[in-house]
1. Please go through the range 66-79 and give me each residue that is in a helix (DSSP H, G or I) and either touching an Asp or Glu at 6+ places or on another chain (Cβ under 7 Å) or touching a residue at least 12 places away in the same chain (Cβ under 8 Å) (or both), ordered by number.
2. Out of the range 67-95, which residues are crowded, with 22+ Cβ neighbours inside 10 Å and among the charged types (D, E, K, R)?
3. Considering only residues that are of a type in the set (Ser, Thr, Tyr) and either surrounded by fewer than 21 Cβ atoms within 10 Å (Cβ to Cβ) or in contact with a Ser or Thr (Cβ under 7 Å, 6 or more places away or on another chain) (or both), look in the range 45-66 and name the one that is farthest from Leu35 (Cα to Cα).
4. Out of all the residues in the range 31-45, which are of a type in the set (D, E, K, R) and within 17 Å of the chain's Cα centre (by Cα)?
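Please treat every number below as a calculation from the coordinates, not as lab data. These numbers were taken from a predicted model, which means no experiment stands behind them. Because the Cβ atoms are built from the backbone with ideal geometry, glycine has one as well, and the counts that use them run over all protein chains shown.
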Amino acid sequence: MKRFTSPLLGIGFLLLASGCAGAVPDERVAATDSLIRTAEELGAATIPQATRYLQLAKDENAHAQKLLNRGDPEAKGQLMRAQADAELALALANQ
């Protein structure tokens with residue numbers, strides 16, 4: 001019986017770990033929103049190179065919100081892309 005429960009515990013742990021890895025913390029959502037807002041406030045929309053990445057960040061953020069509402073695990077990746085594009089728009093606005 002000991003050999004039978006050990007694999008079940010391992011499988012349970014993997015399922016729990018994969019579920020936690022897919023969760024998107026509220027801090028990441030807030031950080032992405034904040035980055036987009038800051039890029040807008042610093043004039044990223046008026047700088048041609050930054051405008052493209054700012055719009056990408058907004059679109060990806062909106063898509064991530066829809067995925068979050070559905071509980072789709074892809075939301076985390078979409079939010080990471082939105083954050084990266086917002087950071088790039090911010091960097092270009094600061095040049």
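1. Result: Leu67, Leu68, Ala75, Lys76, Gln78, Leu79.
2. Asp85
3. Result: Thr46.
4. Within the range 31-45, Asp33, Arg37 qualify.
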